[in-house]
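Here the structure comes first, spelled out in C-alpha cells, and everything after it is commentary.
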Amino acid sequence: MCGQNSMKIFFFFILLISTAKKPVEFDLGLPEIQAVCKVVLDDGKIIEGFITFGTGGYEYKYRPNGFCFVHDDGIKQLILYDFSFSLSNLDSYASHRNGTSKLFYIENISRRYHQEPNTEFDEEKNTLTITKTDVKKYKLLDQMTIYKKLPLDLLVGYSSDDQNGKTTIDVERIRSVELLKRPSEKLIEMIENARKRQSESEKSEEWVDYQAPVWYHEIITDQERINYLSRFF
C-alpha cells in the first residue's frame, strides 16, 4: 500500500512539472474595437486619427460611444459607433439644417457589469419571477474625442493624454464623421509599428491579462466576424 501511495505522489509531481510551464489561457471577453476616423469640419479641414468604439471585456457586451441629436421636442436620437455607423453631411439632416436639433458627442458611462437580477417568488401562485435590468447611461459633450497616437498597449481609451495624443473637436464645427475602410498607408504603418513595439515588449516580460484591440478596417471585410461581434452591441 505504501508503495502505491509513493507511486501516486511521484506521478503527481511529474504532472506538476510537465504542466508548470504551459501558458494558462484566460477568457478575456470581447476585444476592444478601434477605428481610423476621418472628421471633416465646416471649413473643409480634415482631421484623421483613432477612435475607440467603447468598452468590451468580460461581460460580453459592448458599451459604444457615438453621437446624439437632441431635438426641440425632447426626443434623443442616438447614432452609436458600430459596423454600420454613418454620420454624413450634417446638412442632410433636416432637423439640424433647420436648427431644430443640436448634435452632441456622447461618452458611454454605463456600468460595466449588469446589476444583480431582482428575484420575486409568489407563494400563492407558486411562480418565480427574475427581472434583469440593463441601464444605459451617456454623457452628452460639446466636443468629440479622437486620438493621434497609439500607446504601447495600443488601447487609446485607457492611456494618458500624452501617450494617446488625445484631441478634442468642437461638435458644432463638424460636417461629417467617417470610419475609414481603407486608411492611408501612413496610419496603417502607425498601427503596424505599434503592434511590433508591443510584441517586442512582451518578449522581455509577459503581459498578463492583455488582449490587443481589433480594427474596424480589418473586420469590415470579414462578414462572419461582423456577424459574431454585432451580437454584443
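Can you confirm whether residue 167 is within 30 Å of residue 221 (Cα to Cα) and of a type in the set (Val, Ile, Thr)?
Numbers: within 30 Å of residue 221 (Cα to Cα): yes; of a type in the set (Val, Ile, Thr): yes.
Spelling it out, residue 167 is indeed within 30 Å of residue 221 (Cα to Cα) and of a type in the set (Val, Ile, Thr).
Which of the residues belonging to segment 120-146 are farther than 18 Å from residue 87 by Cβ, open to solvent by less than 100 Å² (accessible area, probe 1.4 Å) and part of a loop (DSSP other than H, G, I, E, B)?
133, 134, 135
So for segment 189-196 (the condition being under 19 Å from residue 53 (Cβ atoms) and free of Cβ contacts under 8 Å to residues at least 40 places away in the same chain), does at least one residue qualify? Before the answer, list the steps.
Looking only at segment 189-196, we keep the residues that are under 19 Å from residue 53 (Cβ atoms), and these are 190-191, 194-195.
In the following step, the residues that additionally are free of Cβ contacts under 8 Å to residues at least 40 places away in the same chain were identified as none.
Checked segment 189-196: no residue is under 19 Å from residue 53 (Cβ atoms) and free of Cβ contacts under 8 Å to residues at least 40 places away in the same chain.
Determine whether residue 91 is more than 25 Å from the chain's Cα centre (by Cα), modelled with pLDDT under 90 and either of a type in the set (Gly, Ala, Ser) or not in a strand (DSSP E or B) (or both).
Details: more than 25 Å from the chain's Cα centre (by Cα): yes; modelled with pLDDT under 90: yes; either of a type in the set (Gly, Ala, Ser) or not in a strand (DSSP E or B) (or both): yes.
Here the answer is yes, as residue 91 does meet what is asked.
For segment 199-233, what are the residues that are over 14 Å from the mean Cα position of the chain (by Cα) and among the hydroxyl-bearing types (Ser, Thr, Tyr)?
199, 201, 204, 210, 221, 228 - these are the residues of segment 199-233 that are over 14 Å from the mean Cα position of the chain (by Cα) and among the hydroxyl-bearing types (Ser, Thr, Tyr).
Under the condition of being part of a helix (DSSP H, G or I) and of a type in the set (Ser, Thr, Tyr), which residue from segment 183-217 is surrounded by the fewest Cβ atoms within 10 Å (Cβ to Cβ)? Can you show your working first?
Within segment 183-217, the subset part of a helix (DSSP H, G or I) is 185-204, 216-217.
Keeping just the survivors that are of a type in the set (Ser, Thr, Tyr) gives 199, 201, 204, 216.
On the way: 199: 11, 201: 12, 204: 6, 216: 21.
Ranking the qualifying residues of segment 183-217, first place goes to 204.
What's the total number of residues in segment 45-94 that are more than 23 Å from residue 229 (Cβ to Cβ) and of a type in the set (Phe, Trp, Tyr)?
Here the count works out to 2.
Where the second residue is of a type in the set (Asp, Glu) and the first is in a strand (DSSP E or B) and lies in segment 38-54, which pairs have Cβ atoms under 8 Å and are six or more apart or on separate chains?
Listed by first residue and then by second, the contacts come to 38/48; 38/178; 39/48; 39/178; 40/178; 52/32.
Just for segment 95-106: of the residues that are of a type outside the set (Val, Ile, Thr) and open to solvent by less than 80 Å² (accessible area, probe 1.4 Å), which one is farthest from the chain's Cα centre (by Cα)? Give the steps one after another, and end with the answer.
As a first pass, look at segment 95-106 and keep what is of a type outside the set (Val, Ile, Thr): 95-99, 101-105.
Right, trim to open to solvent by less than 80 Å² (accessible area, probe 1.4 Å) and you get 95-96, 99, 101, 103-105.
Details: 95: 30, 96: 28, 99: 32, 101: 28, 103: 22, 104: 19, 105: 16 Å.
Among residues in segment 95-106 that are of a type outside the set (Val, Ile, Thr) and open to solvent by less than 80 Å² (accessible area, probe 1.4 Å), the one farthest from the chain's Cα centre (by Cα) is 99.
State which residue is modelled with the lowest pLDDT when the search covers only segment 54-84 and only residues that are open to solvent by 70 Å² or more (accessible area, probe 1.4 Å) and not polar (S, T, N, Q).
Applying the first criterion (open to solvent by 70 Å² or more (accessible area, probe 1.4 Å)) to segment 54-84 yields 58, 60, 72-73, 75-78, 84.
Right, trim to not polar (S, T, N, Q) and you get 58, 60, 72-73, 75-76, 78.
Values: 58: 74, 60: 87, 72: 94, 73: 92, 75: 94, 76: 96, 78: 97.
That would be 58.
The values are calculated or read from the model by the stated rules, or taken from the named source; none is laboratory data. Treat the numbers as computed from the prediction; the structure is a model and nothing was measured. Neighbour counts run over all protein chains shown; Cβ positions are idealised from the backbone, glycine included. What goes into the accessible areas is simple: the full protein's heavy atoms, side chains included, and nothing from ligands, DNA or RNA. Shrake-Rupley method; radii C 1.70, N 1.55, O 1.52, S 1.80 Å.
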